[in-house]
């Protein structure tokens with residue numbers, strides 16, 4: 001796996017993680033450095049106030065990577081350094097009453113591949129699809145499957161791609177798309193989330209128009225080496241125009257024309273981890289390059305962690321066999 005300085009990626013910025021802070025929460029940031037060797041992590045620190053229907057006020061917290069990606073990142077392959085860094089990290093967690101952490105690893109982070117022994121659990125949750133931006137447009141086009149090329153040709157004759165600042169129109173389309181997809185409540189972000197997100201450096205909102213009517217809008221992150229697709233939405237009355245295909249191809253051209261260094265375009269994965277997921281199939285029409293998206297976790301205070309898990313199991317014995325990490329945060333219906 002090619003290495004990148006992920007600290008230059010938006011997912012490792014405090015400004016991005018801060019978008020997901022709710023009342024009582026804070027950004028947890030950790031640096032450990034010896035000479036040129038660095039270990040770093042950022043997560044959201046969340047108070048544990050409830051287990052199922054039971055209130056708890058013990059003053060404990062857990063950590064969770066912000067929506068998207070992140071995870072332990074190190075510039076070093078030195079096992080002794082990493083051992084010292086993890087020890088220091090765990091000590092900080094215990095000093096702050098943090099009992100455990102759920103991690104969403106960046107697809108270009110080598111840590112879960114190389115150092116799974118430093119994680120209590122790690123799972124390759126799903127594939128994400130990546131377009132190679134280092135090749136020419138004709139080479140990139142040849143990687144698309146025939147259905148994707150056909151949709152882009154059709155869109156090119158009827159659609160216009162442009163930058164936009166119309167947050168209200170995006171929110172209208174986005175919420176409609178979430179309702180259509182029966183998305184969980186978490187994905188209904190408030191207006192201030194989008195306003196703050198779009199104020200961040202190299203975050204772009206694009207619109208696709210048909211006869212001056214916006215039929216699709218989406219948000220992308222233009223990082224130093226990687227472009228990320230973040231969120232998108234369609235006018236359901238214009239799905240036949242295949243704006244999704246058109247916008248991905250247009251963003252490839254935009255990145256090549258406006259940024260010097262992006263090498264890859266991360267389209268993300270499917271809505272689920274199923275191999276036959278329809279969204280994954282759609283994205284795979286652009287490229288056969290895939291990266292693994294890992295989820296992982298560590299327990300820092302086993303006595304409290306398993307105490308809370310036991311309380312949950314006693315409240316909901318029908319879920320005792322469920323091995324979900326941070327299980328005590330589940331509702332009774334998940």
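Selection over the range 42-69 of residues that are at positive phi and within 25 Å of the chain's Cα centre (by Cα) gives a count of 1.
Yes or no, residue by residue, for (1) surrounded by fewer than 20 Cβ atoms within 10 Å (Cβ to Cβ); (2) within 25 Å of residue 143 (Cβ to Cβ); (3) within 16 Å of the chain's Cα centre (by Cα):
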site	(1), (2), (3)
265	no, yes, yes
274	yes, yes, no
277	yes, yes, no
280	no, yes, yes
303	yes, no, no
306	yes, no, no
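Just one of the listed residues (319, 246, 312) is crowded, with 20+ Cβ neighbours inside 10 Å and in the same structural domain as residue 53 (by TED's automatic domain parsing), namely 312.
For the range 25-46, what are the residues that are touching a residue at least 12 places away in the same chain (Cβ under 8 Å) and part of a loop (DSSP other than H, G, I, E, B)? Hits for the range 25-46 are 25, 36. Cβ-Cβ distances below 7 Å connect the following pairs, each with a first residue in the range 137-158 that is over 12 Å from residue 249 (Cβ atoms) and assigned by TED's automatic domain parsing to the domain that holds residue 211, a second residue that is at pLDDT 95 or above and surrounded by fewer than 17 Cβ atoms within 10 Å (Cβ to Cβ), and a separation of six or more residues or different chains: 158/210. Could you run through the range 133-169 and say how many residues are closer than 23 Å to residue 264 by Cα, within 25 Å of the chain's Cα centre (by Cα) and exposed (fewer than 14 other Cβ atoms within 10 Å of the Cβ)? Looking only at that region, the number is 3. Of the residues making up the range 170-221, those that are touching a helix residue (DSSP H, G or I) at 6+ places or on another chain (Cβ under 7 Å), surrounded by fewer than 16 Cβ atoms within 10 Å (Cβ to Cβ) and assigned to a helix (DSSP H, G or I) are 176, 180, 187, 191, 195.
The values are calculated or read from the model by the stated rules, or taken from the named source; none is laboratory data. Remember, it's a predicted structure, so these values are computed and weren't measured experimentally. Methodologically, a virtual Cβ is constructed for each residue, glycine included, from the backbone with ideal geometry; neighbour enumeration extends over all protein chains shown.
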